[in-house]
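The values are calculated or read from the model by the stated rules, or taken from the named source; none is laboratory data. Bear in mind the structure is a predicted one, so any value in this text is a computation, not a measurement. Neighbour counts run over all protein chains shown; Cβ positions are idealised from the backbone, glycine included.
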Amino acid sequence: MARVAVVQIPGVNCEYETTRALEAVGLEARIVRWNEPASVWTEFDAYVLPGGFAFQDRIRAGAIAAKLPAVDRIAAESESGKPVLGICNGAQVLVEAGLVPGFHRGRVEMALAPNKAPRRAGYLCRWVWLRVSPGPGASWYAASIRPGEVIPMPIAHGEGRFLTADPEVRDRIQKDGLALFRYVAPSGRPPEHYPYDPNGAMLEAAGITNQAGNVLAFMPHPERASWLRQVPLELRNAWGERRRAAVGRRHDLEGAGPGRIVFESLAARLLAREAQGARS
Amino acid sequence: MSAILLVRLKITDLAAWTALETGRKLLDPGHALTRIVREQLLLFEPETGQKADSFEGVLGEAVRHSNFFVNPNKETFRFLGAAERGETWSPPEGAWGILSRARDETRDESLLQSLRREHPMPGLGAIRRARVWWLWSKGPDGDAAAPYVTGVLGELRDQKHGLLTNPHAEASMILAGATPWSRVERFLIDPAPAFRAAA
C-alpha cells in the first residue's frame, strides 16, 4: 500500500483531517514530525503539507517552514517523481521554498500575497467554485474530474493570492498549463469579481503545479470537503442537491464529498505506480 | 511633507525573534547578528494642495489618546509631524534597516475610511503602510557588513538566501545611515521598481 507522510510542522492544524481523508481513499497515511531524521523521509511514496499556521506565520506565511531540512528532503524526493501536495499553508511553504513552479531549480519565483478584493481585506473563509485546466498536474490530482466540471471547495486564508513579479514566469505558468485549479463562477465561466474571484490571484489560480505536475500548491482545503456531511446545505449545484437529499440519512452523509476527488486522483496514480513497480 | 507614525511591540516580538534565530543560521561563520527589531510605518499623506499641518493636530490626538493606531498595552510608538521629523531618518544606534512595502499598493483605504468615520481629518489624502526591519549585525572586519547580510537575510531568492521580504509581493529599500525622508516618501508613493530576477 502506498505510504503518505503528512508533515506536522509546529503550528499546522489540519494534519488529522488530512490523514483521515487520505485513509478514506485507501492510502496509508502517517503524521510525521518536522524534525524526524533525514532517513525517515525516504520511506514514503508521497508527502502532504497540511494547512495551518506553520511557525505562527512569523515573518510571512510559510517563510520559516520553507527553510526546514525536512522541506529540503521532500524537495529532493519530489525530483524523483514522488508527489507533494501542499494544502493552504502547505502551499505557502512550497512557494516560499521554490518548489512551485520550479522553473529554475530552488529559485523562489512566486509569492502567496495577502488577499485582494474590493472593499475586503484580510482572512477569508468561504466555499468557492473551481475548474480544472488541462496540464501536467491533471493526471496526479484531477484525473477523475470530468472536463468542464465545476467543483465546490472551501478556502480559509489571508494570504492566498498567487503572484509573481516576473512576467516571464507568469507567461510560462499559463503556457505550460500549470494553473491546474482555477476559481470560476458557479456556471463555470471566468469569475470576473468577488466572491467568485476570492483573492485576486494571477490567472485566477487556486492551485499551481510544477512542470512535472507532481508538486501542487493548492489553496483550497479538500480535506474539509471529503465527506458529503461537510458540504453546506445552501450550496446551489449538484453537490448541494445531494447534500440536501441526504439530510437525516447517515449512510449517505458519510459518502464522498467534492474534495475527495483530489485524494482519489492521487491514490489512483500512486497505486498504479505501485502496481507498475511490482510488475517490473 | 507627510506625517509619520512608527509602531513597534514593547512585549517580545516573536516574529523578530524568529527572524533573528533563523537569520543567525543562514549567516556564514564570522558574521554575527545580535538583534532585530520590527516596526510598522504609517505615512500620512496630505491631499493635493494641502499640508500635513492641516490634520497633524487631530491625528496626533488620535494616536496618543485613542487606541485606533496603537494598543498601549503591548505597543509603543513615535509620531513624527512634518515639522519635527527633520530632513532625514536615522537608524537606531548601531543598526541599519530594510524597509519593505507591498509591490502593488501601499495605500490602506479601509484604514483611511475607518479613521475618517471616527476621527474626521480634513486634508488627509492617504495612509500608506510599510514595514521596517532594524538589524544589528557585525562582519569579520568589525563593520555591519550590511551588503552581505542583505544578500542573506533580505530579498528571498532561494531556500538559503533571503528571508525578510518576498520580492514577488514586496519591494524593499536599504536604510544605511541617515536617509532623506523625501526618498522614503517616493519609495512609498511611486510605483514599485520593476522586479529583477536573480542571475
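So the values come out like this:
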quantity	calculated
Subset of the stretch A:127-164 [in contact with a Pro (Cβ under 7 Å, 6 or more places away or on another chain) and either in a strand (DSSP E or B) or polar (S, T, N, Q) (or both)]	A:TRP127, A:VAL128, A:TRP129, A:LEU130, A:VAL150, A:ILE151, A:PRO152, A:MET153, A:PRO154, A:ILE155, A:ARG161
The lone exception for B:GLY139 - which of (1) within 14 Å of chain A (Cβ to nearest Cβ); (2) at pLDDT 95 or above it fails	(1)
Subset of the stretch B:1-17 (residues that are within 14 Å of another protein chain (Cβ to nearest Cβ), of a type outside the set (D, E, K, R) and assigned to a loop (DSSP other than H, G, I, E, B))	B:THR12
Selection count, the stretch B:11-35, where residues are surrounded by fewer than 12 Cβ atoms within 10 Å (Cβ to Cβ), touching a residue at least 12 places away in the same chain (Cβ under 8 Å) and within 28 Å of B:LEU80 (Cα to Cα)	1
Residue in the stretch B:90-111 that is without any contact (Cβ under 8 Å) to a residue 24 or more places away in the chain, surrounded by 17 or more Cβ atoms within 10 Å (Cβ to Cβ) and among the basic types (Lys, Arg) present	yes
Candidate set from the stretch A:81-123 (those that are within 14 Å of another protein chain (Cβ to nearest Cβ) and in a strand (DSSP E or B)); member that is farthest from A:ARG170 (Cα to Cα)	A:ARG120
Residues of the stretch A:47-80 classified as away from chain B (no Cβ under 14 Å) and either aliphatic (A, V, I, L, M) or within 22 Å of B:ALA102 (Cβ to Cβ) (or both), total	2
Any chance B:SER114 is over 30 Å from A:ALA75 (Cα atoms), surrounded by fewer than 21 Cβ atoms within 10 Å (Cβ to Cβ) and over 18 Å from the mean Cα position of the chain (by Cα)	yes
Every pair of residues 6+ apart whose Cβ atoms lie under 6 Å, when the first sits in the stretch B:51-72 and is part of a loop (DSSP other than H, G, I, E, B) while the second is among the small types (Gly, Ala, Ser)	B:PHE55/B:GLY123; B:PHE68/B:ALA62
Those residues of the stretch B:45-90 which are over 18 Å from B:LEU6 (Cβ atoms) and touching a helix residue (DSSP H, G or I) at 6+ places or on another chain (Cβ under 6 Å), in sequence order	B:PRO46
Odd one out for A:LEU178 among (1) surrounded by fewer than 23 Cβ atoms within 10 Å (Cβ to Cβ); (2) in contact (Cβ under 8 Å) with a residue 24 or more places away in the chain; (3) not β-branched (Val, Ile, Thr)	(1)
Residue list for the stretch B:163-183, restricted to those being facing chain A (nearest Cβ under 8 Å) and either more than 14 Å from B:LEU99 (Cα to Cα) or of a type in the set (A, V, I, L, M, F, W, C) (or both)	B:LEU163, B:LEU164, B:HIS168, B:ALA169
Residue match in the stretch B:119-132 (condition: over 27 Å from A:PRO101 (Cβ atoms) and facing another protein chain (nearest Cβ under 9 Å))	no
Identity of the residue in the stretch B:18-50, in a helix (DSSP H, G or I) and more than 19 Å from B:TRP96 (Cβ to Cβ), that ends up nearest to the other protein chains (Cβ to nearest Cβ)	B:THR18
Test result for B:SER172, of a type in the set (S, T, N, Q) and either part of a loop (DSSP other than H, G, I, E, B) or surrounded by fewer than 22 Cβ atoms within 10 Å (Cβ to Cβ) (or both)	no
Condition met for B:ALA144 (among the small types (Gly, Ala, Ser), surrounded by 14 or more Cβ atoms within 10 Å (Cβ to Cβ) and either in a loop (DSSP other than H, G, I, E, B) or in contact with a helix residue (DSSP H, G or I) (Cβ under 6 Å, 6 or more places away or on another chain) (or both))	yes
The lone exception for A:VAL169 - which of (1) touching a strand residue (DSSP E or B) at 6+ places or on another chain (Cβ under 7 Å); (2) surrounded by 18 or more Cβ atoms within 10 Å (Cβ to Cβ); (3) under 23 Å from A:PRO83 (Cα atoms) it fails	(1)
Residue in the stretch A:22-80 that is farthest from B:LEU14 (Cα to Cα), counting only those that are in a helix (DSSP H, G or I) and aromatic (Phe, Trp, Tyr)	A:TRP41
Filter pass, A:VAL100 being without any contact (Cβ under 8 Å) to a residue 24 or more places away in the chain, crowded, with 20+ Cβ neighbours inside 10 Å and over 20 Å from A:LEU235 (Cα atoms)	no
